[in-house]
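Engineer: One structure coming up, written as structure tokens, with questions to follow.
The values are calculated or read from the model by the stated rules, or taken from the named source; none is laboratory data. Note that the structure is a prediction, hence the values are computed from the model and not measured. Neighbour counts are summed over all protein chains in view; Cβ atoms, including those assigned to glycine, are modelled from backbone coordinates with ideal geometry.
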Amino acid sequence: MDKRVIALVDCNNFFVACERLRKPELRDVPVCVLSNNDGCVVSRSNEAKRMGVEMGAPYFICKNQFKKVKFLSGDLTYYCEISKRVMDKLYDFTPDVEIYSIDEAFLDLTGLRKTFNCPYEEICERIVQQIKDEVGIDVSVGLSYSKVLAKLANDKAKKLQKIKIDKKTYKIGYRNIQKELKETLISDVWGVGKNTTALLKKHLIQTCFDFVSQDDVWIKKNLGKIGIELKQELLGNSIHKVESVSDAPKSISRSESFKEFQTDKNYIFNELTRHIHKVCKKLRDENLLASCVGVMLRTKDFQVFDCKINLLNPTNTEFELVSKAKEIFEKMFVQGVVYRSVGFFATKFTSQEFQQISLFQGEDIIKKQELSKSWDKLEEKFGKGILRLGK
């Protein structure tokens, strides 16, 4: 089996960190970021954690229980922008980056010790420092020989930080694998669920060391191929490689709750155009064209209505999709109904590389595409929201 060197880079309290980046006055203040519609807590500062705020706790309970905590509505678009800045920095070190989530990525660092002329731990420390200096976000890095061990190492780094040991990088090397496995419950391992934990507990298997001590025949009989792969990963043999090429998305959508419930048709449609731009920007970033688009409306009492249409010519420009969305919106909107959010989605994608432009419409389509690209460049230079589409 290949001996790889794998790192997991994970942003600390990411959504809170993003909010503090644009609002420095929130530093050292107990802060929580809420989910869509302000339903529950999805990110907590260390101060809020120490006060006892639980992840996933409902906001309507927390706001009365924790008066000193600052609760903020989430801003996923902004968090995605910061995430992209963080992930771009990772590519300065290696092309082998697998973006696992908005705030996590696996890196294959195998062989880079010679390239950077320093130990792997120092490469990880450079990653931490560069992201801090150039993006302003704190990250933790777990370093080992497989994805599962890298995740365990990352968890260890975060636990040390909780007790105020300033260790941003933690390595599980061959000399301490056995020690780490003895100290780690199997239930704490990435990907091991409640049912698997209960099964293993019946056989008196509590720790990771207990698990890897079982013979392969027993593991395969009780957990199948996945169990064998888990054992190998825990022993430091990389089974699950870092996949640097991700699949294209099946759909792209954007929606956001209004600050206040709305019946104003113009206001709601203006918000819809804002979401259309975000979806189009994402399509262009992915070099995709959409063949199907739709509008979603959510009422005050959480009823959801959506409607979609197929497009004759796939596109990724606001200048075409706003008019299509307006047709849908006019049919859906009901005067007097109180709405809490609006959204826009696109699906049925094709690559822009294979776009077939009609002879009679070609000039108009190309002009709209160039306008959209110019819009993107202006936003990169002057910031989001610099332009809005007129009615």
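Engineer: Against the conditions (1) within 22 Å of the chain's Cα centre (by Cα); (2) crowded, with 18+ Cβ neighbours inside 10 Å, where does Asn287 fall short? Just the number, please.
Structural biologist: All conditions are met except number (2).
Engineer: Just a yes or no: is a residue in region 304-324 assigned to a strand (DSSP E or B), of a type in the set (Ser, Thr, Tyr), at pLDDT 65 or above and buried (at least 16 other Cβ atoms within 10 Å of the Cβ)?
Structural biologist: Yes, because at least one residue in region 304-324 is assigned to a strand (DSSP E or B), of a type in the set (Ser, Thr, Tyr), at pLDDT 65 or above and buried (at least 16 other Cβ atoms within 10 Å of the Cβ).
Engineer: Pro314 fails exactly one of the following numbered conditions: (1) under 15 Å from Ser251 (Cβ atoms); (2) free of Cβ contacts under 8 Å to residues at least 40 places away in the same chain; (3) of a type outside the set (Phe, Trp, Tyr). What is the number of that condition?
Structural biologist: (2)
Engineer: Could you list, ordered by first residue, the pairs with Cβ atoms under 6 Å in which the first is in region 121-139 and without any contact (Cβ under 8 Å) to a residue 12 or more places away in the chain and in a helix (DSSP H, G or I) and the second is surrounded by 15 or more Cβ atoms within 10 Å (Cβ to Cβ) and among the aliphatic types (A, V, I, L, M), at least 6 apart or interchain?
Structural biologist: No pair meets every condition.
Engineer: Restricting attention to helices (runs of 4 or more DSSP H) lying wholly within region 144-222, give those where 1 or more residues are in contact with a strand residue (DSSP E or B) (Cβ under 9 Å, 6 or more places away or on another chain) and surrounded by fewer than 18 Cβ atoms within 10 Å (Cβ to Cβ).
Structural biologist: 147-162, 177-183, 194-202
Engineer: Whether any residue in region 242-255 is surrounded by 15 or more Cβ atoms within 10 Å (Cβ to Cβ), in a loop (DSSP other than H, G, I, E, B) and at pLDDT below 90 is what I want to check.
Structural biologist: Within region 242-255, one or more residues are surrounded by 15 or more Cβ atoms within 10 Å (Cβ to Cβ), in a loop (DSSP other than H, G, I, E, B) and at pLDDT below 90.
Engineer: Quick check: is even one residue across region 232-249 assigned by TED's automatic domain parsing to the domain that holds Glu104 and among the basic types (Lys, Arg)?
Structural biologist: Within region 232-249, none of the residues are assigned by TED's automatic domain parsing to the domain that holds Glu104 and among the basic types (Lys, Arg).
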